Structure formats: C-alpha cells, structure tokens
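Data block below; observations after.
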Amino acid sequence: MYFSQKRLRQIFARTSGYCHLCHAKLDFSSYGELGVNGSWEVEHSTPQAKGGTHHLNNLYPACISCNRAKGDSSTRSARAKYGKTRAPLSLKKRRRAKIVYGTKGAFLGSVMTLLMSVDLSGSLVVVGFVIGYVQNPDKRS
Ligand SMILES: [Zn+2]
C-alpha cells in the first residue's frame, strides 16, 4: 500500500507521532525502515482482511513490531497488551485537553483560595492552572 507524504503526515499527526498501540515515540523520517529506532508503519485499525478501509479514520501510525505483532487481531486487544485503551491524542486534541485540565486546575485553585480564606487570590489560580496544564493527557487513558 502506497501513501503520499501528505497522507503520511496526516496519519502521523493523528497521535502526535506516537505508536497508537504501545505509545512509543516514532520518528517520521524513519517510515518503513526496519530495525531503525522510531521506525513505523501505517496500521489499519480494522484489518483489511476484516473489511478495514484506507480512510484516514482507520489508519494509525504504529511501530513496525507492534504492527506486525497485531496481525489480524483487534486494536482493543493489541492496546490492552500495553495497558492502553486509547490512541495517543493528536496535537490539536492534546492542546485542547491541556486547556481543559488547566481550567479545572484553575478552578481548584480558586476553591482552595476560598477555603483558606487567605488573600492569595490569583497565585493559587495560576498554580492550579499549571498543575492541570502539565499533566500528560494520555495518562488518563
Ligand atoms: Zn508500538
């Protein structure tokens, strides 16, 4: 199966460049290079043998070893081997999730300010946002 550079970029971006099965960091330039660190392939989430299509929503980047080990088994069971239930987030979703966690943290910070009834207002909101923001959104999967 041939994929254009543009298509490969789109597939790679779906998980921010992480294997969708084991969440290892992949190297875009090592596409298809067997035995190279960060090398990857395009993985069909629903295998072609089971009617999976070449549409973007069925394609994910995966380590070559993960892809070949998965074979015709389901994405769910392949991810379960690594204790994962979801693919890593795309850059877009990652940014959005960070803002959500940051906002939750800021809210927590303002509640803490009220509870302590000390005039630290502002600083704890910032601390809360930072705590929420620095969380890895993938830890929640
Ligand atoms: Zn992998």
- Item | Linear extension gain, Ile99 paired with Ala13, 0.36 nm per residue minus alpha-carbon span | 29.0 nm
- Note on the structure: Sorted by chain and then number, the residues having a modelled amide H within less than 5 Å of the amide H of Glu43, at least 5 places away or on another chain, are Tyr60, Ala62
- Query: Cross-link list Lys25/Lys93; Lys6/Lys98; Lys25/Lys92; Lys70/Lys92; Lys50/Lys92: which exceed 23 angstrom alpha carbon to alpha carbon?
  - Reply: Lys6/Lys98; Lys70/Lys92; Lys50/Lys92
- Which ³J(HN,Hα) values, rounded to whole Hz and listed in residue order, are derived for the stretch 55-70 from phi using the Karplus coefficients 6.51, -1.76 and 1.60 in 6.51 cos²θ - 1.76 cosθ + 1.60 with θ = phi - 60°, glycine and proline given as x? 6, 3, 6, 9, 10, 9, x, 8, 4, 4, 5, 4, 4, 6, 5, 5
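Rg to Rh for the stretch 54-135: what is it, with Cα atoms only and Rh by Kirkwood?
On the Cα set of the stretch 54-135, Rg over Rh gives 1.26.
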- Item | In Hz, Karplus ³J(HN,Hα) per residue of the stretch 28-36 (6.51, -1.76, 1.60; θ = phi - 60°; x = Gly, Pro) | 3, 6, 9, 4, x, 8, 4, x, 9
- q = 0.18, 0.22 Å⁻¹: log10 I(q)/I(0) that the Debye formula gives for the stretch 91-140, counting C-alpha atoms only: -0.52, -0.67
- Alpha-carbon radius of gyration plus Dmax, which is the widest Cα pair, for the stretch 1-99 in Å: 12.7, 40
- Query: Rounded to the nearest 0.05, what FRET efficiency is calculated for Ser123 and Arg76 with R0 set to 41 Å and r the Cβ-Cβ distance?
  - Reply: 0.40
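Just so you know, all these numbers are worked out from the coordinates, no wet-lab data involved. Not measured: the values here are computed from a predicted model. Counting neighbours? That spans all protein chains shown, and the Cβs are built from the backbone with ideal geometry, glycine included.
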